[in-house]
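None of the figures in this text is laboratory data; all of them are computed from the coordinates on show. This one's a predicted model, so the numbers in the text were calculated from it and none came from an experiment. Glycine also receives a Cβ, built like all others from the backbone with ideal geometry; neighbour counts cover every protein chain displayed.
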Amino acid sequence: KIIGEGEAAHKTYAEFAEWCEDTSKNVMYEIKTGKSNVASLNAAIAKEAANIDSQTARIEELASAIATDEADLKAATEIRNKEAADFAAKQKDLLETIDTLERAIGIIEKEMHGGASMMQLKNAGSVVQALQAMVQAQSLSSADGSKLTALLQSVHGSEEEDAGAPDPAVYENQSGGVLDTLNKLLEEAQSQLDEARNKETASIQAFQMLKQGLEDEIKFANK
């Protein structure tokens, strides 16, 4: 009986010893694999940490670019608004000038066909004097007369800067001279208006292109 119990105990011991050996081998393999995994994961952590640093720097770079683009867009918008306001004021002034010149020309053409102020126009020695005569005869309003006089003096002042430039306010002693001068001023005003409108159109197009480019850059950088 004792021998039988001993043999049973030995069998149990042998089985347990085999289990311990197998378990030991498995644990050693798991330890080896775990150490390998630790090294691999540490490398991955180091790589992702470097990636975080890189992406953080990229984020800061993009944030700076966004701030710059937004500042540029704001500045460009402010400039465009000022340009638009300047153009609106210039266009209004030129349209008023053109309207005044057209009305004055119409009045003179009427006077040339026997109007009441014909003699006064003929006796005038300059365009300014002719305008004053028309105002006195109530053919032209004092506001229109003042505006045209200021325009003539402005043109005269700018042309005087050129050596030998003739006085645009002096003309032959006839109403046709006034008409020629005013028609010339009308052509110049219309030319200035066309130039201003073309410049405004070009400025709008340039601003739209710049605005679209900056907005696309901001959108891309934010994304």
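Would segment 1-60 count as rounded, prolate or oblate if I go by the C-alpha gyration tensor, calling it rounded below 1.5 in a/c and otherwise prolate when a/b exceeds b/c, oblate otherwise? In terms of gyration-tensor shape, prolate. Once you reduce segment 53-87 and segment 176-223 to the center of their Cα atoms, the two points are 24 Å from each other. Each principal axis of the Cα atoms in segment 1-113 has its own extent, and those three values, largest first, are 157, 24, 14 angstrom. Across segment 24-40, coupling constants 3J(HN,Hα) worked out from phi with the 6.51/-1.76/1.60 Karplus curve, θ = phi - 60°, read 4, 4, 4, 5, 4, 5, 5, 5, 4, 5, x, 5, 5, 5, 4, 4, 5 Hz, and Gly and Pro carry x. Relative protection proxy for 56-65, 85-94, from highest mean packing down: 85-94, 56-65 (other beta-carbon atoms within 10 angstrom).
If the limit is 20 Å between Cα atoms, which of Lys82/Lys184; Lys90/Lys211; Lys82/Lys199; Lys90/Lys110 go over it? Long pairs (Cα-Cα over 20 Å): Lys82/Lys184; Lys90/Lys211; Lys90/Lys110.
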